[in-house]
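Single-structure report; data block below.
The values are calculated or read from the model by the stated rules, or taken from the named source; none is laboratory data. All of these numbers come straight from a predicted model, not from anything done at the bench. Neighbour counts run over all protein chains shown; Cβ positions are idealised from the backbone, glycine included. Heads up: the accessible areas ignore ligands, DNA and RNA and are worked out on the full protein's heavy atoms, side chains in. Shrake-Rupley method; radii C 1.70, N 1.55, O 1.52, S 1.80 Å.
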Amino acid sequence: MARALKSTKEKLKTVSTATIATCLFKRGLKNQFIQDVKPLKLNKPTMVGEAYTLRYIPAREDLNPIEIFRDAKHLQRIAVEECPEGAVLVIDSRKDARAASAGSILATRLMVRGAAGLVTDGGFRDSAEIAELDLPSYHNRPSAPTNLTLHQAIAINEPIGCGDVAVFPGDILVGDDDGVMVIPANIADEVADECVHMTLYEEFVMEQVNNGHAVIGLYPLVDENIKKEFELWKNMKTDNH
């Protein structure tokens, strides 16, 4: 699995998923926001990490009795134990939240092992407990039934679909209160740099709008005089730091 530069991750922790979405749209990538997935708890630190994937298929009753969890090679458990430190475990649950993708014990184990986050397009059981963990987690809705009733873990760290988005191992996931964006690994560094610059300009825009400035010419930036004002503002900000 590709590992992102530490500096890239740190930059992405300072930008919003909305800014990332615009940046990727400029590159022709329109479908990188995981659909119908939300944070279990708002106002947590921004989630940033490489994708480590787990794929479910529909469970077949003869292959998924409760006793199957005794199998040391059960792929759900292996995924939790092998997800690298700093990575996000992303679960393809086929957008089916009628049974849980995981629960608080597995989420806690991921947290203790240093995972950066947990994402599914299904649901989690023990959701109130997971919400309180020091682990950003995203799902569709709470779900009490065990995953075996509907899901069979079938593959680890292969390309998956999660909330209608293609997720490849090593892609960078960024999650905030709006949801989760997926950044292709090969452009993560340049996207991080551009988003930091975009965020700085957005800060300038908010100051201008709060001071009564119209958005025309300002956002997007097409007015040459405003460009000069921004450069002065940026230089002053840099000098103050």
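Considered as a group, the residues in region 100-117 that are among the hydrophobic types (A, V, I, L, M, F, W, C) and under 11 Å from D134 (Cα atoms) include one that is most open to solvent (accessible area, probe 1.4 Å), and that residue is V112. Suppose the filter is open to solvent by 40 Å² or more (accessible area, probe 1.4 Å), outside any loop (DSSP other than H, G, I, E, B), on the phi < 0 side of the Ramachandran plot and at pLDDT below 95; does E67 pass it? Considered against the rule, which asks whether it is open to solvent by 40 Å² or more (accessible area, probe 1.4 Å), outside any loop (DSSP other than H, G, I, E, B), on the phi < 0 side of the Ramachandran plot and at pLDDT below 95, E67 comes out as yes. Given the condition under 20 Å from G122 (Cα atoms), surrounded by fewer than 18 Cβ atoms within 10 Å (Cβ to Cβ), of a type in the set (K, R) and touching a residue at least 24 places away in the same chain (Cβ under 8 Å), answer yes or no: does some residue in region 10-26 qualify? The answer is no, given that none of the residues of region 10-26 is under 20 Å from G122 (Cα atoms), surrounded by fewer than 18 Cβ atoms within 10 Å (Cβ to Cβ), of a type in the set (K, R) and touching a residue at least 24 places away in the same chain (Cβ under 8 Å). For A97, the stated conditions hold: it is assigned to a loop (DSSP other than H, G, I, E, B), over 23 Å from T46 (Cβ atoms), open to solvent by less than 30 Å² (accessible area, probe 1.4 Å) and in contact with a strand residue (DSSP E or B) (Cβ under 8 Å, 6 or more places away or on another chain).
Residue count for region 176-195, restricted to those that are open to solvent by 60 Å² or more (accessible area, probe 1.4 Å) and either in contact (Cβ under 8 Å) with a residue 24 or more places away in the chain or touching a helix residue (DSSP H, G or I) at 6+ places or on another chain (Cβ under 6 Å) (or both): 4. Among all residues of region 123-131, there is at least one that is assigned to a loop (DSSP other than H, G, I, E, B) and either open to solvent by 20 Å² or more (accessible area, probe 1.4 Å) or at pLDDT 95 or above (or both).
Kindly indicate whether any position in region 10-33 is of a type outside the set (K, R) and under 27 Å from L148 (Cβ atoms). Looking for residues that are of a type outside the set (K, R) and under 27 Å from L148 (Cβ atoms), one finds none in region 10-33, hence no. For the structure I just gave you, tell me whether A155 is surrounded by fewer than 18 Cβ atoms within 10 Å (Cβ to Cβ), part of a strand (DSSP E or B) and of a type in the set (A, V, I, L, M). Taking the combined requirement at face value, the residue satisfies it.
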